[in-house]
């Protein structure tokens, strides 16, 4: 595939290309241009030329264009899902869910184009105040490999709905679906230069997006370390940032919870996308009164999971890349070596081609041993004695993205929801993120929000007008 600049497919000025590898087979499935800083400049030039035109399109027309794009995404759902599975690794069912979810995201933003309003008031002695929300101009979108289509939709949909142009930088291991989505948006009617995708490495293309002074907002999803670097690199240009930097979500199971439902929820959410979701249930905190039952039932459920190529009928695919599999394996080995948990099942790389790691259950995990995020198919179970201690453990990591409480008691649910320090708290569910809900974190999980009505404040800037007559 080629990258997408000024509404057209384009090669990199470098003339170099990068291979895209199927993580289930190790086979090369395509190549993409190895973009350069000059390619980013070309995309910015195209965005500057077309952004005013896109901004001046009426809300009704913007809505129609985004709805048409969503309809085309739905029409191509099967082929897009196959493409996503082939480059990212997730099972085809999960890939199709993500594609349909991406269509829903664009439909949501289509519904919001006419709701980007400011404020007006009469101020005695001064006149009439009118605060309007104006497009920022050009927005950078740096998208990870774990949920590329959906996260691209969050970033591009919000920016476009507010009248901005987009320069997107996908992951260099899962860019193909994003390139096709950008093409769909332009064919639906988005001004050509308002939608650009430059492929390449984070150190070259990503850095150029962050440092370019004409890109006034950058939405970045990735690691804490890279997020800090992004913040430092963006500081000289005083640009706005929305940073979603991962999490270490606590999944708290109270003694009165429906254990079968909690087990089903934990297994489904922990091993969805091979555990490679920022808000997946990464630390399972279970009341001591029901911990043995929970572990026994979780083990039975995990051992039924089939692992393999996502294009086949499996429950879990591979990790996206070999480096990530090595990182997960090292984290599990460290827990075992420190005596900080007991492997109940899994705990090893799987033989053969592909980046496969066995679904893993760790019992009696020490809270300190899993303070850092394990971004893969590993479920550590931490036993607690009181709700207070569970909340303390939940808050003991540097992250604050999501958490859930499983209980039948409204007081327990309310207490946990109030006292857990995270951007999202679910009750008797986990991981569900419709676009109507503002999404983002606190602490090292970053700042800013995507989705919900809060996106307006991220992707526009206010202008105050005072009229004296």
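The values are calculated or read from the model by the stated rules, or taken from the named source; none is laboratory data. Quantities reported herein were computed from a predicted structural model and do not represent experimental measurements. No Cβ is skipped: glycine too gets one built from the backbone with ideal geometry, and neighbour counts run over all protein chains shown.
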Given (1) outside any loop (DSSP other than H, G, I, E, B); (2) surrounded by 24 or more Cβ atoms within 10 Å (Cβ to Cβ); (3) under 22 Å from the mean Cα position of the chain (by Cα), index of the condition residue 193 fails: (3)
Matching residues in the stretch 1-32 - criterion: being in contact with a helix residue (DSSP H, G or I) (Cβ under 6 Å, 6 or more places away or on another chain), under 22 Å from residue 156 (Cβ atoms) and part of a loop (DSSP other than H, G, I, E, B): 1, 6, 7, 12
Helices (runs of 4 or more DSSP H) enclosed by the stretch 376-464 - at least 3 residues per element that are assigned by TED's automatic domain parsing to the domain that holds residue 272 and either under 15 Å from the mean Cα position of the chain (by Cα) or surrounded by 22 or more Cβ atoms within 10 Å (Cβ to Cβ) (or both): 387-394
Residue 35 vs. criteria in contact with a strand residue (DSSP E or B) (Cβ under 7 Å, 6 or more places away or on another chain), in a loop (DSSP other than H, G, I, E, B) and modelled with pLDDT of 95 or more: yes
Matching entry among 275, 227 (being in contact (Cβ under 8 Å) with a residue 40 or more places away in the chain and not assigned by TED's automatic domain parsing to the domain that holds residue 24): 275
Failed condition for residue 179, given (1) touching a residue at least 60 places away in the same chain (Cβ under 8 Å); (2) surrounded by fewer than 24 Cβ atoms within 10 Å (Cβ to Cβ); (3) touching a helix residue (DSSP H, G or I) at 6+ places or on another chain (Cβ under 8 Å): (3)
Top-ranked residue in the stretch 438-469 [being out of contact with any strand residue (DSSP E or B) (no Cβ under 7 Å at 6 or more places or on another chain) and in contact (Cβ under 8 Å) with a residue 12 or more places away in the chain; ranked as farthest from residue 373 (Cα to Cα)]: 453
Among the residues listed as 65, 73, the single one being more than 25 Å from residue 310 (Cβ to Cβ), assigned by TED's automatic domain parsing to the domain that holds residue 102 and modelled with pLDDT of 95 or more: 65
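Would you call residue 96 in a helix (DSSP H, G or I), assigned by TED's automatic domain parsing to the domain that holds residue 30 and crowded, with 24+ Cβ neighbours inside 10 Å?
no
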Strands (runs of 3 or more DSSP E) contained in the stretch 110-175 and holding at least 1 residues outside the structural domain of residue 275 (by TED's automatic domain parsing), in contact with a helix residue (DSSP H, G or I) (Cβ under 8 Å, 6 or more places away or on another chain) and at pLDDT 95 or above: 127-135, 138-142, 165-169
Some residue of the stretch 50-63 being touching a strand residue (DSSP E or B) at 6+ places or on another chain (Cβ under 7 Å) and outside any helix (DSSP H, G or I): no
Members of the stretch 237-267 that are more than 21 Å from residue 417 (Cβ to Cβ) and out of contact with any helix residue (DSSP H, G or I) (no Cβ under 9 Å at 6 or more places or on another chain): 238
